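The values are calculated or read from the model by the stated rules, or taken from the named source; none is laboratory data. All values derive from a computational prediction rather than experimental measurement. Every residue, glycine among them, receives a Cβ derived from its backbone with ideal geometry; neighbour counts consider all protein chains shown. We work out accessible area using only protein heavy atoms, side chains counted, and drop any ligands, DNA or RNA first. Shrake-Rupley method; radii C 1.70, N 1.55, O 1.52, S 1.80 Å.
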Amino acid sequence: MDTRRKTGILGGSFNPPHLGHLQIAEAVYREFGLSEVLLLPLGTPPHKRDIAPKEARREMCRMLVQAGEGLALCTMELEREGYTYTVDTLSALHKAYPERVFYYIIGTDTLFQLESWRNFREVFRQTEFVCVPRPGDAREAVLDKITAMRRDYQKEILLASAAGPDISSTEVRERIARGQSTEGLLLPEVRSYIDQERLYVD
């Protein structure tokens, strides 16, 4: 029996971290019996430009972790210079925590992009995956992709039973820019911090 500590990873730009992130992390933590879920904010993502400063995203993620069950903050990517890639982060995590087995939490959009990740076969070797469906997903297509991953790469993708809420950071940023309410989308303390720091406004 594998007695290694089961640790989830929820990576993202968290620009900003919203209640959808919190709900997904807690749902996967409970469903798969994980010891914890690491919130892993990206440092300098290779495909994103319009992003809040690292320090701001670290502070907002800290607030989300404090509000959740079974969550912890991992700032490894924030502290790394240059672009960050999942394969490098996983290598560093295995070196730091050799007694753990990792479960990388992804949405269905990411499921269809995994083969474009840098050194994706090495990523497959270093982590398990939990895919969280989103409202409106074509379930047949998702199941077909999971079957293809098993066939082509002998990689099992776990499918969470709970669907993630239909919240996007883009929508949240647009509401903030327009001075609108983010009730039900952000923790109140995260919104207060955003307003205080004047994030996402011109």
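What number of residues in the range 180-200 are open to solvent by 60 Å² or more (accessible area, probe 1.4 Å) and not charged (D, E, K, R)?
5
Which one is nearest to Ile24 (Cα to Cα) among residues in the range 132-158 that are touching a Pro at 6+ places or on another chain (Cβ under 9 Å) and not in a helix (DSSP H, G or I)?
Arg134
Look through the range 47-105, keep the residues that are assigned to a helix (DSSP H, G or I) and of a type in the set (S, T, N, Q), and return whichever of them is nearest to Val28 (Cα to Cα).
Checked the range 47-105; the qualifying residue nearest to Val28 (Cα to Cα) is Gln66.
I'm checking my understanding of the structure. Among residues of the range 143-158 that are of a type outside the set (Ser, Thr, Tyr) and open to solvent by less than 70 Å² (accessible area, probe 1.4 Å), which one is farthest from Val123 (Cα to Cα)?
Leu143
Does Ser161 fit the bill of being exposed (fewer than 12 other Cβ atoms within 10 Å of the Cβ), of a type outside the set (D, E, K, R) and closer than 17 Å to Glu26 by Cβ?
Considered against the rule, which asks whether it is exposed (fewer than 12 other Cβ atoms within 10 Å of the Cβ), of a type outside the set (D, E, K, R) and closer than 17 Å to Glu26 by Cβ, Ser161 comes out as yes.
Please specify each residue of the range 1-41 satisfying the condition of being free of Cβ contacts under 8 Å to residues at least 12 places away in the same chain and of a type in the set (Ser, Thr, Tyr).
The answer is Thr3, and nothing else.
Hey, could you check the range 20-45 for residues that are in a loop (DSSP other than H, G, I, E, B) and hydrophobic (A, V, I, L, M, F, W, C) and say which is surrounded by the most Cβ atoms within 10 Å (Cβ to Cβ)?
Residue satisfying both the conditions and the ranking: Leu42.
Please name all residue pairs, on different chains or six or more residues apart, with Cβ atoms under 7 Å, provided the first residue is in the range 144-156 and is under 14 Å from Cys131 (Cα atoms) and the second residue is hydroxyl-bearing (Ser, Thr, Tyr) and modelled with pLDDT of 95 or more.
none
Within the range 164-179, which residues are assigned to a loop (DSSP other than H, G, I, E, B), more than 12 Å from Pro17 (Cα to Cα) and open to solvent by less than 70 Å² (accessible area, probe 1.4 Å)?
Matches in the range 164-179: Gly164, Pro165, Gly179.
Taking the range 164-198 as the search range and keeping residues that are at pLDDT below 95 and of a type in the set (Ser, Thr, Tyr), which one is nearest to Glu31 (Cα to Cα)?
Ser168
Search the range 96-119 for residues that are at positive phi and pair each with any residue that is part of a loop (DSSP other than H, G, I, E, B) when their beta-carbon atoms are under 9 Å apart and the residues are at least 6 apart or on different chains.
Pairs found: Asn119/Tyr85.
Determine which member of the set Val201, Val190 is part of a loop (DSSP other than H, G, I, E, B) and among the β-branched types (Val, Ile, Thr).
Val201
One line per residue, one yes/no per condition, for (1) out of contact with any Ser or Thr (no Cβ under 9 Å at 6 or more places or on another chain); (2) open to solvent by 50 Å² or more (accessible area, probe 1.4 Å); (3) not small (Gly, Ala, Ser):
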position	(1), (2), (3)
Asp50	yes, yes, yes
Pro53	yes, yes, yes
Ala56	yes, no, no
Gln66	yes, yes, yes
Glu77	no, no, yes
Leu90	no, no, yes
Ala96	yes, yes, no
Ile105	yes, no, yes
